[in-house]
1. Looking for something assigned to a helix (DSSP H, G or I) and surrounded by fewer than 19 Cβ atoms within 10 Å (Cβ to Cβ) - is there at least one such residue anywhere in segment 417-426?
2. Kindly indicate which of 127, 69, 41 is buried (at least 22 other Cβ atoms within 10 Å of the Cβ) and in a helix (DSSP H, G or I).
3. Filter segment 112-140 for residues that are out of contact with any strand residue (DSSP E or B) (no Cβ under 8 Å at 6 or more places or on another chain) and under 23 Å from residue 59 (Cβ atoms) and give the result.
4. Quick one: in segment 299-323, of everything that is in contact (Cβ under 8 Å) with a residue 24 or more places away in the chain and part of a loop (DSSP other than H, G, I, E, B), which residue is nearest to residue 186 (Cα to Cα)?
5. Taking the options 310, 319, name whichever one is within 30 Å of residue 425 (Cβ to Cβ), surrounded by 17 or more Cβ atoms within 10 Å (Cβ to Cβ), under 16 Å from the mean Cα position of the chain (by Cα) and not assigned by TED's automatic domain parsing to the domain that holds residue 62.
6. Output the residues belonging to segment 142-161 that are more than 20 Å from residue 115 (Cα to Cα) and touching a strand residue (DSSP E or B) at 6+ places or on another chain (Cβ under 7 Å).
7. Look through 395, 431 and report the one residue that is surrounded by fewer than 21 Cβ atoms within 10 Å (Cβ to Cβ), touching a strand residue (DSSP E or B) at 6+ places or on another chain (Cβ under 7 Å) and farther than 25 Å from residue 264 by Cβ.
8. Among the numbered conditions (1) assigned to a strand (DSSP E or B); (2) over 21 Å from the mean Cα position of the chain (by Cα); (3) more than 28 Å from residue 91 (Cα to Cα), tell me where residue 121 comes up short.
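The values are calculated or read from the model by the stated rules, or taken from the named source; none is laboratory data. Predicted, not measured: the structure shown is a model, and the values here were computed from it. Here the Cβ positions follow ideal geometry from the backbone for every residue, glycine too, while neighbour counts run over all protein chains shown.
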């Protein structure tokens, strides 16, 4: 049965107004399916980091939207991305895992075997397929590559559809946040380190993405967690050094004025970041020896410019968030209209002091882990929002805070940190890429 949205461009576009969006964007199952078919196909989606597959034969299995995918380093050193599906019976070659597969990828069901470039290497009982002209079949072509793959400074992105802009056109100036994170390494390189934290949320993925640039919730939602930690340190023992955990927690309950002054920058295609002037990461203690390493690598002026950029959260639409100053990445993986898996990854600045990685891993554990305190504050309100959206009487979600009538013209815009302009920007991009190929 065809629902009210499939193939209906007008109905989809009507869900996004200048300062509000319809609740169906969060709760409707058909819209979720259409997001997987259109939005996540027409945009560039983060797959992984090339440091996860450093050697030939290394692989990392994940998903792009709802599609199983596998990232592989081939024999020539090239990073490739394939649909994680054997062309025989459709079996996934591997679960969502990582490892080294040697010179070949082999299906665990019937042992069809593929080279690292995806081409078919061997089929058991090969001669028994000849009568059916196997050489002309789709199966003989091997693994299906994802249509478009781009590696930018180690970060691997893919686009499944031919529709939509190319990589540089899609991201534009937003790539400066990746540049800043990588440039914080004296060697200009990052490595995934410290493992990954996975945390299930019973809410729509867009609620999580919106929250990343919502600067009016921390002082309220996190008062019972970060607020208590900050209050406890208001009367520290004489001569005591502020613990790393308190440095991380305390800024979460800063004032509205702090977050408004932080600033927000909005780019086209749904990208943007909080933290133009400063952020909650601005006042961390200096790490001994780090600035000297950076100065030796870049020169003093450039080193100060790199480390003086303290962006808070950068949204790479549709479902990626990066924190350059703390070398952390969060990926919001949609599972259903009301269920999202969040992955939080930490990175090592190659050549930098280990204390920086220690702080990154501690931040991830304290804020993003299933066992964290701060994370449960957010989880509670996310799930309340998901439930509340089912209530009748008002079908619209309000996004009016600091609205600028001229903000929809596609220009880069800087505004106050408490503005909802980035949320409005995301939904304009949502409508654009949902209807691009209709």
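1. No; the residues of segment 417-426 include none that is assigned to a helix (DSSP H, G or I) and surrounded by fewer than 19 Cβ atoms within 10 Å (Cβ to Cβ).
2. On the way: 127 fails: buried (at least 22 other Cβ atoms within 10 Å of the Cβ); 69 fails: in a helix (DSSP H, G or I).
After applying the criteria, what remains is 41.
3. Within segment 112-140, 119, 124, 138 meet the criteria.
4. 309
5. Numbers: 310 fails: under 16 Å from the mean Cα position of the chain (by Cα).
From the options 310, 319, the qualifying one is 319.
6. 150, 151, 154, 155, 156, 157, 158, 159, 160
7. Being surrounded by fewer than 21 Cβ atoms within 10 Å (Cβ to Cβ), touching a strand residue (DSSP E or B) at 6+ places or on another chain (Cβ under 7 Å) and farther than 25 Å from residue 264 by Cβ holds for just one of 395, 431, which is 395.
8. Of (1) assigned to a strand (DSSP E or B); (2) over 21 Å from the mean Cα position of the chain (by Cα); (3) more than 28 Å from residue 91 (Cα to Cα), only one is false for residue 121: (3).
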